[in-house]
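Read-outs: derived from the displayed coordinates by stated rules, not from any lab. Note that this is a predicted model, so its numbers are computed, not measured. In this analysis, Cβ positions are derived from the backbone assuming ideal geometry, glycine residues included, and neighbour counts consider all displayed protein chains.
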Amino acid sequence: MKRPGIAAALLISANASAAAPFPTRDLNPLLAGFGLPSALPARITSESWSVATDLNWASTSLAQRADGERLIVDAETREARLTIGRSWPSGFAAQLELPYRYTGGGVLDDAIDSWHELFSLPEGARSTMPTDRVRIVYDHAGATLIDIDSSTSGLADVSLDLGYSLRSTTATAAAVWLSVKLPTGDPDRLTGTGATDVSLAIAGEHDLSKNWSVFGQAGVTWLGNGDRLPAQQRDVVWSGFAGVGWRAWRGLELKAQLDAHSAVFDDTDLDFLGDALVLTVGGDYRFASGWRLDVAVSEDIAVESASDVVFVLGLRRDW
């Protein structure tokens with residue numbers, strides 16, 4: 001006879017058809033620390049704890065020019081994030097996000113070059129850049145505003161998220177979230193911005209059928225006065241995503257997610273500092289133990305508006 005805990009976990013896995021969003025984010029090194037909200041839960045359970053850890057590993061290699069501007073970004077970015085959450089029967093929830101970020105040289109360039117060559121994909125500036133180096137330079141109006149040629153790492157800006165359930169039925173869930181990002185990182189190390197940012201977001205999910213579901217989120221972020229290109233920083237940034245999931249087999253769900261956000265900086269004609277549009281594809285597997293594993297890859301479908309490629313790995317459990 002199965003233990004009740006395992007039987008309950010199997011039952012939850014069998015009935016939970018709503019797909020969950022990927023734990024992905026824009027890893028543009030120049031956006032490090034800006035408080036755009038993470039993917040937040042649409043369904044807040046009556047009383048539970050949750051723990052999640054995820055890794056986003058990005059490679060960026062580009063060179064862009066416009067009138068009075070020059071930008072070179074040749075680096076890898078890795079962000080590991082630990083999220084601890086708690087929900088209550090009143091419909092409220094809270095979670096703390098603790099990120100650690102690395103920006104520097106890496107090991108992905110040879111593999112990405114081989115991938116592009118195999119499928120005859122355009123490489124842009126990547127073919128002219130040295131392999132596995134770090135170089136980030138931004139010139140604007142005759143002045144060099146950013147010049148980085150060595151790796152940096154450290155604790156990034158911490159976020160506190162407070163949520164409230166707006167709707168929770170078998171097929172549909174929605175929640176509103178208020179997020180506050182604190183200046184715990186270091187702007188000089190590309191781990192923070194030196195400012196407090198506040199975001200308001202609404203997350204939702206809906207089962208279309210037994211095997212198909214959709215999910216999404218829309219948010220607005222008010223940026224504090226930070227130390228990253230302060231003369232060009234905007235006060236408000238809009239962001240969101242929409243996705244679809246298909247339950248392929250037992251605990252396996254295949255998903256596609258489209259993320260977008262408006263520009264963080266003004267007075268620029270460079271794509272990498274403007275609006276971004278990113279597609280993430282992959283899936284998750286829900287184990288009988290209650291753990292969920294996400295594996296995915298992101299591509300900048302608005303070319304050179306974000307990192308060339310981001311590998312996404314996440315692990316989460318609620319109890």
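Remarks
- Computed label-point distance, nm, for sites residue 149 and residue 317 using a 7 Å Cα→Cβ extension: 4.7 nm
- Stretched out straight at 0.36 nm per residue, the stretch from residue 158 to residue 115 would grow longer than its current Cα-Cα span by 12.0 nm.
- With a cut-off of 14 Å between beta carbons, the residues surrounding residue 251 carry a summed charge of +4, where Lys and Arg count +1 and Asp and Glu -1.
- Residue among 28, 138, 279 farthest towards the positive dipole end of the chain, charges placed on Cβ: 279
- Only Lys, Arg, Asp and Glu carry charge here, each on its Cβ (+1 for the first two, -1 for the last two); on that basis the chain has a dipole of about 2000 debye about its Cα centre.
- Residue 299-residue 100 pseudo-label distance in nm [points 7 Å out on the Cα-to-Cβ vector]: 3.2 nm
- Extreme residue, positive dipole direction of the chain, given options 213, 270, 115 (C-beta unit charges): 213
- The order of 273, 82, 223, going from fewest to most other C-beta atoms within 10 Å of their C-beta, is 82, 223, 273.
- Protection proxy ranking of 147-157, 163-173, by the mean of other Cβ atoms within 10 Å over each peptide's residues and highest first, is 147-157, 163-173.
- Placing pseudo-labels 7 Å out from each Cα toward the beta carbon at residue 80 and residue 279 gives an inter-label distance of 3.2 nm.
- Considering only 154, 185, 249, the residue lying farthest towards the positive end of the dipole of the stretch 4-318 is 249, judged by Cα position with unit charges set on Cβ.
- Exposure proxy order (Cβ contacts within 10 Å, fewest to most) of 188, 110: 110, 188
- Electrostatic tally near residue 151: other residues with Cβ closer than 15 Å to its Cβ, Lys and Arg +1, Asp and Glu -1, net -4.
- Neighbours of residue 222 by Cβ distance under 14 Å: Lys/Arg scored +1, Asp/Glu scored -1, total 0.
- Among 181, 210, 255: highest mean-square fluctuation, GNM of the chain, C-alpha pairs under 10 Å: 210
- Per-residue ellipticity at 222 nm, computed for the chain from helices alone with -39500 (n - 2.57) per DSSP H run of at least four residues, works out to -2000 deg cm²/dmol.
- Relative contact order [Cα under 8 Å, 6+ residues apart], the chain, whole percent: 21 percent
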